[in-house]
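The values are calculated or read from the model by the stated rules, or taken from the named source; none is laboratory data. Predicted model only: the values in this text are computed from it and were never measured. Virtual Cβ from ideal backbone geometry, glycine too; neighbours counted across all protein chains shown.
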Amino acid sequence: MPSVPDLIPQSALNNDKIQTTAPNCPVTSKRTPATSTATSIPNPGVARANAAISIDNPNGDADYIAKYGDYTPLQQHVLFWDRDHDGQIYPLDTYNGFRELGFNILFSVLATLIINLNFSYPTRLAHSVVPDLWFRVYVDSIYKAKHGSDSGTYDPEGRFIPQHFEDMFAKYDRDQDGSLTLGELFEMMHGNRCAMDPFGWGAAFFEWGTTWLLIQRDGRVYKEDLRGVYDGSIFWKIREERKKGGWKQGYGVGGDGFVGGAKIHDGVDNGHGHLQKILDGPGSYLGREQPLVEGRDWTERAFTVGIGG
């Protein structure tokens, strides 16, 4: 661990005056916050403007910060979809990004509808009160898309709060192995719910469900992978891994279908955000003969897909 002058020794934190549970509120005993974060991260409650850090990675990713350090962690989280760096994420950009991460056509379309329909206008408000006819999401004002019933790891301006990130695992990682099961993720979503916030509940369900489908390994979402989701670095990693032979995590590795469907998007960006045609024709895909399915032609088989890896 690097030497940081502002770190606090563990002995200084063993103070009986700091009480994190209240006898008349049992939930405080079930969900105890992280109390030793300051031994690894200086001032963990102070939001970081350009880096997502954790106890396991207190300095963040130096190369990634050098490349994207002029953006907040929330902006970094969405830059993967702003491939032409114009600060605007069109619906087609969203769709292409999800396809490159390995999601099938139907899920990618659904994600595009959810994201661009719901978050275009909030981010547009920094520029105009007139809705955007193209339903673009604006990167510079992505902080306006922050919703309720979340973990609070992003602050209202899009900065990253290390203490809140560590609190997620302190409260919900029951066996303290640095990962969250699907059940623990649902428990966390339930614990973060704010009253009268159906939009936030739905947004949290979509975001955590998508995260689970993308990065779970052995039935768990691991801490450093999740940190990579918060700053967006893992999206670039997944894209490159899929080009080299496949992303080995997530649900549905090795193809684009639950029942043997072929991958129908090669993950190559032509620089204009448009999909490249990769189906060779009836009965073949990238030069490989495809199995015949009784009663279906090649176009129907192309859409027999799942959330692949």
Any chance A49 is surrounded by fewer than 19 Cβ atoms within 10 Å (Cβ to Cβ), at pLDDT 95 or above and small (G, A, S) = yes
Given (1) crowded, with 20+ Cβ neighbours inside 10 Å; (2) touching a residue at least 60 places away in the same chain (Cβ under 8 Å); (3) closer than 16 Å to F98 by Cβ, F206 misses just (1)
From the residues in segment 209-231 that are outside any helix (DSSP H, G or I) and either hydrophobic (A, V, I, L, M, F, W, C) or in contact (Cβ under 8 Å) with a residue 40 or more places away in the chain (or both), which one is surrounded by the most Cβ atoms within 10 Å (Cβ to Cβ)?
-> D231
Identify, by number, the condition in (1) closer than 24 Å to N43 by Cα; (2) part of a loop (DSSP other than H, G, I, E, B); (3) over 15 Å from the mean Cα position of the chain (by Cα) that W134 doesn't meet.
-> (1)
Restricting attention to segment 159-206, and to residues there that are among the small types (G, A, S) and touching a helix residue (DSSP H, G or I) at 6+ places or on another chain (Cβ under 6 Å), which single residue is nearest to V221 (Cα to Cα)?
-> G178
Residue in segment 180-203 that is charged (D, E, K, R), assigned to a helix (DSSP H, G or I) and under 21 Å from L74 (Cβ atoms) present = no
From the list D70, D84, D93, which residue is touching a residue at least 40 places away in the same chain (Cβ under 8 Å), at negative phi, charged (D, E, K, R) and assigned to a loop (DSSP other than H, G, I, E, B)?
-> D84
Among the residues of segment 54-67, the number that are among the β-branched types (V, I, T) and in a helix (DSSP H, G or I) is 1
Would you confirm whether any residue within segment 117-129 is modelled with pLDDT of 95 or more, part of a loop (DSSP other than H, G, I, E, B) and over 26 Å from D70 (Cβ atoms)?
-> yes
If the Cβ limit is 6 Å and pairs must be 6+ apart or interchain, which residue in segment 30-42 that is without any contact (Cβ under 8 Å) to a residue 40 or more places away in the chain pairs with which residue that is of a type in the set (A, V, I, L, M) and loosely packed, with under 15 Cβ neighbours inside 10 Å?
-> S36/L13; P42/V4
Selection from segment 96-139 of residues that are β-branched (V, I, T) and free of Cβ contacts under 8 Å to residues at least 12 places away in the same chain = V129, V130
State whether the residues of segment 76-89 include one that is buried (at least 20 other Cβ atoms within 10 Å of the Cβ), under 21 Å from V46 (Cβ atoms) and either at pLDDT 95 or above or aromatic (F, W, Y) (or both).
-> yes
Go over the candidates T153, T181 one by one and state the one that is surrounded by fewer than 20 Cβ atoms within 10 Å (Cβ to Cβ) and of a type in the set (V, I, T).
-> T181
Does segment 150-165 include one or more residues that are outside any loop (DSSP other than H, G, I, E, B) and free of Cβ contacts under 8 Å to residues at least 40 places away in the same chain?
-> yes
